[in-house]
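Novice: Sending over a structure as structure tokens; questions will come in a sec.
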Amino acid sequence: MKYWIYAIGEVCLVAIGLLIALQVDNWSNEQDNRALEQQYYESMLAQLVKDKDALVTTIEQAQYLSDRFDLAISIIDKNDREQSALLGAITIELKDYADFRQKSSIFQTLVNSGEIKHIRNKNIVSTLQEVESMYSYIERLEGVHEQAVMTLIADQLIEIIQIQPLEVKQPEALYGYVLKNTFMLIRGLNVETGSVYQQTAQDIDSAITMIEQELEINNQE
């Protein structure tokens, strides 16, 4: 009888030891996962801040071009021939466009590798998905703008203006409806892209705030 009591006691001790070891191992794995999550948050935060800075610069460039194109349209409407040199200079700027396109992101890398599972806050994941969606939309819009520059503007610039040194070769064409329509089309693209830039900047701000809050909570644990 005593043998069975001892045997049962030893089995219980072994079981308890295994449970404790398993719990310690689970705790250790959890700590490793939290450390990994913290590292990912810090990396994503750094990239988002960098992206926001680049986006602000892009927004300013888009606004500058829109203002210039508005001025060009006004000069054409008024048929202000005294401003032909200025109109020629702005016409050259039709070849310029804001370009924000991001080629890669830490978030997308985490998704592709499956490491996104370590991010516990699903609201952050959802917001970052929205940011990535806006990045893709921006890339498509900028691609359309680039194509417009290549197909609609290049030939007009070559025919109307001598670039170096700057000289208007066809003044009448400079004040014609074709160039005005081109300015209006490109300005429209600028306005549409600018609104997407603004929305993306708001989404980035939301993601930054959420990640900063999560980092603060994790540091307090």
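The values are calculated or read from the model by the stated rules, or taken from the named source; none is laboratory data. Just so it is clear, the model here is predicted, and its values are computed rather than measured. For neighbour counting, all protein chains shown are included, and Cβ atoms are generated from backbone atoms with ideal geometry for every residue, glycine included.
Novice: If the Cβ limit is 6 Å and pairs must be 6+ apart or interchain, which residue in the range 24-52 that is surrounded by 11 or more Cβ atoms within 10 Å (Cβ to Cβ) pairs with which residue that is modelled with pLDDT of 60 or more and among the small types (Gly, Ala, Ser)?
Specialist: What qualifies is Leu48/Ala207.
Novice: Just for the range 134-161: of the residues that are at pLDDT below 85 and of a type in the set (Gly, Ala, Ser), which one is nearest to Asn181 (Cα to Cα)?
Specialist: The qualifying residue nearest to Asn181 (Cα to Cα) is Ala148.
Novice: Considering only the range 131-162, state which residues are in contact (Cβ under 8 Å) with a residue 12 or more places away in the chain, within 26 Å of Tyr175 (Cβ to Cβ), of a type in the set (A, V, I, L, M) and surrounded by fewer than 15 Cβ atoms within 10 Å (Cβ to Cβ).
Specialist: Residue satisfying the conditions is Ala154 alone.
Novice: In addition: Considering only the range 117-127, how many residues are touching an Asp or Glu at 6+ places or on another chain (Cβ under 9 Å), part of a helix (DSSP H, G or I) and closer than 15 Å to Leu48 by Cβ?
Specialist: Going through the range 117-127 one residue at a time, the tally reaches 2.
Novice: Taking the criterion of being farther than 20 Å from Ile160 by Cα and either assigned to a helix (DSSP H, G or I) or basic (Lys, Arg) (or both), would at least one residue in the range 67-80 satisfy it?
Specialist: Scanning the range 67-80, I find at least one residue that is farther than 20 Å from Ile160 by Cα and either assigned to a helix (DSSP H, G or I) or basic (Lys, Arg) (or both), so the answer is yes.
Novice: Turning to a different aspect of this structure: Every residue in the range 177-198 that is over 18 Å from Tyr64 (Cα atoms) and either surrounded by fewer than 15 Cβ atoms within 10 Å (Cβ to Cβ) or in contact with an Asp or Glu (Cβ under 6 Å, 6 or more places away or on another chain) (or both), please.
Specialist: Hits for the range 177-198 are Tyr177, Val178, Asn181.
Novice: Continuing with this model, one more query. So, in the range 146-173, how many residues would count as being assigned to a strand (DSSP E or B) and aliphatic (A, V, I, L, M)?
Specialist: Looking only at that region, the number is 2.
Novice: Scan the range 35-74 residue by residue and report those that are among the charged types (D, E, K, R) and closer than 29 Å to Ile116 by Cβ.
Specialist: Passing the criteria: Glu37, Glu42, Lys50, Asp51, Lys52, Asp53.
Novice: Also, I was wondering about something else. Filter the range 96-114 down to residues that are touching a helix residue (DSSP H, G or I) at 6+ places or on another chain (Cβ under 7 Å) and part of a helix (DSSP H, G or I) and give me whichever is surrounded by the most Cβ atoms within 10 Å (Cβ to Cβ).
Specialist: Result: Phe107.
Novice: A follow-up question, please. Whether any residue in the range 133-145 is within 25 Å of Glu216 (Cα to Cα) and part of a helix (DSSP H, G or I) is what I want to check.
Specialist: No, the range 133-145 contains no residue that is within 25 Å of Glu216 (Cα to Cα) and part of a helix (DSSP H, G or I).
Novice: Now for a separate question. Any residue in the range 182-210 that is touching a residue at least 60 places away in the same chain (Cβ under 8 Å) sitting within a Cβ distance under 7 Å of a residue that is crowded, with 21+ Cβ neighbours inside 10 Å and outside any helix (DSSP H, G or I)? List the pairs, counting only those 6 or more apart or interchain.
Specialist: Every condition considered, the pairs that remain are Thr193/Ala98; Tyr197/Phe100.
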